[in-house]
1. Going by what's in this entry, would B:ALA570 be described as within 14 Å of another protein chain (Cβ to nearest Cβ), open to solvent by less than 50 Å² (accessible area, probe 1.4 Å), farther than 30 Å from B:ASN57 by Cα and in contact (Cβ under 8 Å) with a residue 40 or more places away in the chain?
2. Given the conditions (1) modelled with pLDDT under 95; (2) out of contact with any strand residue (DSSP E or B) (no Cβ under 6 Å at 6 or more places or on another chain); (3) within 14 Å of chain A (Cβ to nearest Cβ), and given that B:MET474 satisfies all but one, which numbered condition is not satisfied?
3. Give the residue, chosen from A:THR271, A:THR187, A:THR279, A:THR207, that is assigned by the TED database to the domain that holds A:ARG149 and either over 30 Å from A:ASP44 (Cβ atoms) or of a type in the set (D, E, K, R) (or both).
4. Look through the stretch B:529-558, keep the residues that are part of a strand (DSSP E or B) and of a type in the set (Asp, Glu), and return whichever of them is modelled with the lowest pLDDT.
5. Among the residues of the stretch A:154-161, is there at least one that is within 14 Å of chain B (Cβ to nearest Cβ), modelled with pLDDT of 95 or more and closer than 24 Å to A:THR218 by Cβ?
6. Given the structure, is A:SER487 surrounded by 13 or more Cβ atoms within 10 Å (Cβ to Cβ), over 30 Å from A:ARG250 (Cα atoms), of a type outside the set (A, V, I, L, M, F, W, C) and assigned by the TED database to the domain that holds A:GLY374?
7. Give B:VAL485, B:VAL501 a once-over and let me know the one that is within 23 Å of A:GLU45 (Cα to Cα), within 14 Å of chain A (Cβ to nearest Cβ) and touching a His at 6+ places or on another chain (Cβ under 9 Å).
8. Considering only the stretch A:131-144, state which residues are open to solvent by 70 Å² or more (accessible area, probe 1.4 Å), at pLDDT 90 or above and under 20 Å from A:PHE191 (Cα atoms).
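The values are calculated or read from the model by the stated rules, or taken from the named source; none is laboratory data. These numbers come from a predicted model, not from an experiment. Every residue, glycine among them, receives a Cβ derived from its backbone with ideal geometry; neighbour counts consider all protein chains shown. Ligands, DNA and RNA are stripped out before the accessible areas are found, and what is left, the full protein with its side chains, is counted by its heavy atoms. Shrake-Rupley method; radii C 1.70, N 1.55, O 1.52, S 1.80 Å.
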Amino acid sequence: MKDILSELENRRQDARLGGGQRRIDAQHARGKLTARERIELLLDEDSFEEFDMFVAHRCTDFGMEKQRPAGDGVITGWGTINGRMVYLYSQDFTVFGGSLSETHAQKICKIMDMAMQNGAPVIGINDSGGARIQEGVASLAGYAEVFQRNVMASGVVPQISVIMGPCAGGAVYSPAMTDFIFMVKDTSYMFVTGPDVVKTVTNETVTAEELGGASTHTKKSSVADGAFENDVEALAEVRRLVDFLPLNNREKPPVRPFFDEPGRIEDSLDTLIPDNPNTPYDMKELIHKVADEGDFYEIQEDFAKNILTGFIRLEGQTVGVVANQPTVLAGCLDIDSSRKAARFVRFCDCFEIPILTLVDVPGFLPGTSQEYGGVIKHGAKLLFAYGEATVPKVTVITRKAYGGAYDVMSSKHLRGDFNYAWPTAEIAVMGAKGATEIIHRADLDDADKIAEHVADYEDRFANPFVAAERGFIDEVIQPHSTRRRVSRAFASLRGKSLENPWKKHDNIPL
Amino acid sequence: MFNKILIANRGEIACRVIKSARKMGIQTVAIYSDADRQALHVQMADEAVHIGPPPANQSYIVIDKVMDAIRKTGAQAVHPGYGFLSENAKFAEALAAEGVAFVGPPVGAIEKMGDKITSKKIAKEAGVSTVPGHMGLIADADEAVKISKEIGYPVMLKASAGGGGKGMRIAWNDEEAREGFQSSKNEAANSFGDDRIFIEKFITQPRHIEIQVLCDSHGNGIYLGERECSIQRRQQKVVEEAPSPFLDEATRKAMGEQAVALAQAVDYASAGTVEFIVDGDKNFYFLEMNTRLQVEHPVTELITGVDLVEQMIRVANGEKLTIAQADVKLNGWSIENRLYAEDPYRGFLPSIGRLTRYRPPFEVVEESHVVRNDTGVYEGGEISMYYDPMIAKLCTWAPTRGEAIEHMRNALDGFEVEGIGHNLPFLSAVMDHPIFIAGEMTTAFIEEQYPDGFEGVELPAEALQRIAAACAAMHRVAEIRRTRVSGRMDNHERRVGVEWVVSLQGEDYAMTIDADHDGSTIVFADGTEKRVTSSWTPGDQLADLDVDGEKLVLKVGKIPGGFRIRSRGADMKVHVRTPRQAELAKLMPEKVAPDTSKLLLCPMPGLIVNVAVQVGDEVQEGQALCTVEAMKMENILKAEKKGTVSKVNASAGDSLAVDDVIMEFE
């Protein structure tokens, strides 16, 4: 009997070694942790429960039958993050380079199915050379099985991908369909075709880092939502993100004890808006001063910086924030910022996370590059996302809300629940100068008259009261009381219930 | 007494004057430029008058505009503060012409003392010892070099109308004399509208000690002890104290009497300051007389109990001094630290922007100690590029110098300033510097002790261990809170452990925490125990802790996976991890910062005045590359090493932000 029991331990020992000590050392030498070490850092201590530790591949081609390591290059299971359940898989680069076989894919699919059934997020730690070539089409089929589950799980449970090594070819499409992708600087990359193929086909010379490193994907392509210095930091920050997210689409966002006065007054916000309407200011300061404990988890910090997206808490509960950033491109909407914000709004709406929108938007960015790039359809994504969202929506207009961009930014007309404005707000079709030059075209040659018209227009329209008279603004609030007003607004919306008409699904302008 | 007084100044000194005036029941009028619409002095004053655009030479120092403000408000007296019009005889004359009292000395005294060349002659005649130098005017750079040679290097080139370090240069050779003459002249012209320069012997190893005098218009004059102002950077005072740890009673008396004699030689009537340079043998030489209220006057007020602003107003009102020399008793010790919007990590370059956070320590007046903060800014206010970068003067008083320093250290730890670069860490470093503690500083202190600039403080091991204990206790509180999130799996909650490893400054501190209701007992791997109590909760940016009965104040910020801790001039990344996490963290590679050695980065937001080189030029180490103007100071950026210019990205007139690339080298 004892022998039988110890046989299990022996097998476990063997499985835990993955590709062996030599490969573990090589992994460390690259500045990377092993698949199991990563799980240790991601989960609460001793909370990991493993599935399929002894799964091995069934390939018999190319001599593969001689090497059948337990686990087959991926570790799967569940555990807790601060006591809340998550499912996860972690690819083991020390076993066949983490390559995906039929059985490897089946392990991933198993935990994804369970995650959907039991209502818990899926976190995938990617470190894989790609398809297991020896298995051919079986490996491709495996990918597709995972993809299909990514699609099914989308909007049901949060899905997070952490790229901690190579992720190339078809493999990229699983992370691409998850809610968030995080990368590790210098040790991870993602691309559909690698530098060698690029060289052959297009004659471009490019390194893997330039083609698909963390910097590329966080700054240029927007494929990734964030990048971290190393594995340890990345996993600690993923834990921090999970603290913000609900476990599934049937649950309210999490609440935790907070140490911050919901009625906290911030007098310094009264001077946030500069005297000169063309002078920028940092919208992040407002976010930090509104948030519980000044804590803001920014998503896509390095991309389309003219809009800010991320999570804060108000009275301990998660709130998604979308805010125009006047320090970059005057905070205007353009193709990139619309796409970035639209995706974020839709994530929040999927998972019942209330949305706070902070508005200072002079309009859409003009120009051929924008129009040729399809800013109409991309801008419409954000409009669509706000319009379809049924979660509590609170909006604060701090300064400019001009033209179509006013409508887009969670206006009252898009079923905004609370639409507040600071006294410094200007809600108008456009800036005073542009508007007068159209209305008073006849006086264009007379600079004095135009100046007079501009002054008139500013008096009449460069304020929140015209909109407030019509009820488009529910209340004009003092900047210093923003946290209190916004907190109370969301508190009053805890019971909000709003449904869109039945449809198979909508047809957002992709 | 006057009913209404106008303060022809801004910033902390305007606020300071308003306080005394209000105490005396006098109404106050502030003046302000466009940049100061929302400034503190405007909010504090009973009335405020707008006087023009932001640059001081279009607002605060335009006599006509100030006179208009006086007429408009009916102010009967004007306090000029320091700088601006405070030592401008024309202004005093304009006031006299309209029968408005000038809270300062008579025109004649300003004229005689305001010109550094004349003032030295008068001082000599009044029997005050002076530094050798050239009193005449200097025509051009060649003459400047010739005179410098005659006096013998090192020499100091100074703007005749200057003060506060502006228009001042030290030259150690002909080339520097030439260069210094030009830049002093330019700066003087910009700052004071007077480009006259004079040259004098630069005394090495000197101390700057000044005497506060107070005279009335009835021929009475007293001195209120001295102030030690030796800790200066580029002739700009940073730390002052009273009394001086260097003077003995006899020297103090001799200096005081000479100072009063000088003041009376020019019929001085107001508060004034006679600056001396004192060498190691306590020989003192007259430097200049400042015919105004000095920035550092609070330290004198704190040890004498005299409100200098009140005295100035009374004297201006024609009253006789009620204090005789015999009444002046120096009580205890006072220290002033000047908070500058200057980034010590970037060569003290001016930093402008919005004060996103500004929380000075609580002001305290107790038997045991005093904490006083003279400030002109507030949270949410703007530090503009147009004015002096000094934003506050933090002063402490205690019966002894040691206690005053200790109170200052704590006050600095509790002073929160965010949004701009500032010198708080540097001030903390000075307060802990052995030379300062011993009172043995000279005016060369900063240059000698921080020759390569300031890179933060390396705290001693004992202090690091205290911080490690504090961070572990704070981290534990934060982690326990995280486990209280909703949606957790019943009966399978996370249990926060007791074993932790704190990493800071490259050291790992392994420990166990034994927490109870009152605090945490931390036992380090080496057996050392520390007891930490604190009311800190997550999100607090200032942690007020007690470690083994001693106060520890930390500024706490967030970084990915850890804390940013600032204390006593150190700025540290701190990670608190479980032993296993710490073990794995050790496997992570050290990342090196990108190489910027081939780039010339703009060290501060400012305006490019000129670019001295072109693409293809070979530059030598130390060669001037371009000039950036910020806060009215011209900063010449020099080549750090020999190289060839491969690209120039900026040209004269460009407005640049911090770290913008000005030029690149091959």
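1. No; evaluated as a whole, the condition is false for this residue.
2. Here B:MET474 clears every test but (1).
3. Just a single option satisfies the conditions, and that option is A:THR207.
4. So the residue we want is B:GLU550.
5. yes
6. The answer is no for A:SER487.
7. Sole residue among the options that is within 23 Å of A:GLU45 (Cα to Cα), within 14 Å of chain A (Cβ to nearest Cβ) and touching a His at 6+ places or on another chain (Cβ under 9 Å): B:VAL501.
8. A:LEU140 - this is the single residue of the stretch A:131-144 that is open to solvent by 70 Å² or more (accessible area, probe 1.4 Å), at pLDDT 90 or above and under 20 Å from A:PHE191 (Cα atoms).
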